[in-house]
1. When residues of the stretch 122-149 are filtered for being aliphatic (A, V, I, L, M) and open to solvent by 20 Å² or more (accessible area, probe 1.4 Å), how many remain?
2. Is it the case that some residue within the stretch 450-458 is surrounded by 12 or more Cβ atoms within 10 Å (Cβ to Cβ), within 60 Å of the chain's Cα centre (by Cα), among the small types (Gly, Ala, Ser) and assigned to a helix (DSSP H, G or I)?
3. Restricting the first residue to the stretch 94-115 and requiring it to be more than 17 Å from VAL52 (Cβ to Cβ), which pairs with a second residue that is polar (S, T, N, Q) and open to solvent by less than 50 Å² (accessible area, probe 1.4 Å) meet a Cβ separation below 7 Å and a spacing of at least six or different chains?
4. As an exercise: evaluate SER502 against (1) buried (at least 18 other Cβ atoms within 10 Å of the Cβ); (2) outside any loop (DSSP other than H, G, I, E, B); (3) within 16 Å of the ligand (Cβ to nearest atom) and give the number of the one condition it does not meet.
5. Note down all Cβ pairs under 8 Å where the first residue falls in the stretch 408-431 and is of a type in the set (S, T, N, Q), the second is crowded, with 18+ Cβ neighbours inside 10 Å and not in a helix (DSSP H, G or I), and they're at least six residues apart or on different chains.
6. Please count how many residues of the stretch 505-537 are more than 26 Å from LEU430 (Cα to Cα), within 14 Å of the ligand (Cβ to nearest atom) and either in a loop (DSSP other than H, G, I, E, B) or not assigned by TED's automatic domain parsing to the domain that holds HIS570 (or both).
7. Exactly one condition in (1) within 16 Å of the ligand (Cβ to nearest atom); (2) buried (at least 18 other Cβ atoms within 10 Å of the Cβ) is not met by LEU487; state its number.
8. Checking GLY482 against (1) under 60 Å from the mean Cα position of the chain (by Cα); (2) buried (at least 19 other Cβ atoms within 10 Å of the Cβ); (3) near the ligand (Cβ under 9 Å from one of its atoms), only one condition comes out false. Which one?
Amino acid sequence: MKSKPLRKIIYPRIAIIMLSILAFFTIFATYVSKQYIYRQSEDNLVEVLKLVENYIYENSQEDFKTLGDDLNVLTNTSQIRVSIIDPDGVVVLDTDKDPSLLNNHSTRPEIYKAFNREENSIIRHSATLNIDLIYYAKMMNRPLYGLTHVIRVAMPYTELQLAYRSIYIYIGIWAILFLSLSVVLFIFLGNKLERPLNDLATTAQQYASLDFSTETFISSNLTEIQEVFSSMRHMAKKIVEQIDDIQQQKEELQVVLDGMTEAVIVLDPHGQIIESNPSAEQAFSVKGSSLIGKYYLQLLRNSELNEIVEDALDTIGQPIQQSEIKVQLNDHFYQVHLSRIGIETELESKNILMVLNDITTLMHLEKVRRDFVANVSHELKTPVTSIKGFTETLLYSDLSLDPQKSKHFLKIINSQTDRLHAIIEDLLTLSRLEQSHNRADDFIPINLNSVISDSVQICRDKPGNEERTITIECNRDLQMRGNSLLLEQTLINLIDNALKYSEVTTPVKVICSKLPTQVRIEVSDKGYGIPHSSIDRIFERFYRVDKGRSRDKGGTGLGLAIVKHIVAQHQGTIEVKSEEGEGTTFSLTFPTGEGS
Ligand code: ADP
């Protein structure tokens, strides 16, 4: 329905009602007043008529001419006209005209009615006098000169009109007063009702445009207006509270989204991104630029993922057929989960939530685990097969006659058992390191010189190392906080490697030095060196550059993995510099832990 302002709806209606009331009262008052004045005039005429009739009866001995003259004198000042008409309609007496000049009056309505015994009054134009008169006529009570006459009195209608005029003036004044009062009332009502209503409308418009800051005061003291306004204010307060709540929830949600390691993307029914988080930007390599507004086809350069997203978008209102998928995007592996989200029930919702969980590390760990199991099995299988073979040979062959051969076999079995033992020992060490949580609080001050000296001594005592040159350059007082047994294990592994992978004639050096807040231990040799392509892999379990050489030297392939673990537990770093044919240097850097 088309709306109109209050002024246009209420005011015309009130004006029509007021004018109708005014018109009604004016007409009614005019009518009643005129009737009253008319009756008064009529009563006056009746009185005059009675007086004139009595006068005629009292002077009935005189003829009509004399009576007429007398009455003329009597009525001269009052403008009253008296006429007497005989039954034939002939005017026998008239105070204003000579009766002989007057025509027959039997057809005059008042005369006609009077002869029919009906006293009556009438206002009509007098052809005789050429003015409007008010007549009153009746049949005379007694006959005159043997005839029953009609007596008629009349007075000029102008007399009545004069009286009416004053009535019109009074009514006119009253109407003007009424209209003036109405206008004043309109203005008063306008101020009283229209202004607060306008204030309310302005306030409502402000609220609709979510402007709750401007304070509006309603100047009206009308209870209804005050109640509406206070309800509006209450409503505005509630809306502000709810907006604040929503804003806070949104901010919290944004913080959660931003902090999530999972990439989160929300697609609208057209496949356009309407929400995303920094992890998603990273996953799709658009870091720093927003994904919002882009279409999934621009981003998901993976046919399998595109297919399931397309399916989900095409089947709104149905459960998602395939909601889980593993995909590779930019060298990373993701577990993608699709679901429908919205304020309605899950199936009715049109937006799609896509969560991408980076499982690259998980997959890598899984691969490492698989490789480790395969490697361990392989590493254990080789000595076990060898031991079993030589044991069976000793058992089932007749070698008792050749003690030298038997001894050789037993030596092999012994060395393979040592190998098995070494592998199992290293595996146990790794397992212990993985399970133990050496914390900085448990570390104690260690004298590096003595740990290095002990480690070198242990290595030198190993068979075949007696002649090796191992030099130590270390300040006697150099200290760091740590676990001395683990540190010794690290140094033994590194010195042992340096000795294993170099010619017996070349020296091995262990140098320790003090940095501002750290200590550095370097183990260097002038051995075979490590190819550049292998440097990153030598810390992997069971990785060896030269498998045959490592095995021959009794290596397990676990030494550097153990070193890496121990260094990490001491919050240290490890660096390798190596040139093939020239030698290798392992540099370990540890915090001294002083002041902690
Ligand atoms: P291994 O028991 O085989 O020595 P490690 O984990 O200690 O196992 O070392 C892994 C591999 O790294 C070795 O097989 C060897 O190829 C290489 N490597 C370690 N230290 C040295 C070194 N000082 N010089 C040359 N190669 C080394």
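1. Residues that pass the stated criteria total 7.
2. No, the stretch 450-458 has no match at all.
3. Listed by first residue and then by second, the contacts come to LEU102/THR128; TYR112/SER106; LYS113/ASN120.
4. In the conditions (1) buried (at least 18 other Cβ atoms within 10 Å of the Cβ); (2) outside any loop (DSSP other than H, G, I, E, B); (3) within 16 Å of the ligand (Cβ to nearest atom), SER502 misses (2) alone.
5. So the pair list comes out as THR429/LEU558.
6. 5
7. (1)
8. Condition not satisfied by GLY482: (3).
The values are calculated or read from the model by the stated rules, or taken from the named source; none is laboratory data. On a predicted model such as this, the values are computed, not experimentally measured, just so you know. Cβ coordinates were reconstructed from backbone atoms using ideal geometry, including for glycine residues, and neighbour counts include every protein chain displayed. Only protein heavy atoms, including side chains, enter the accessible area calculation; ligands, DNA and RNA are left aside. Shrake-Rupley method; radii C 1.70, N 1.55, O 1.52, S 1.80 Å.
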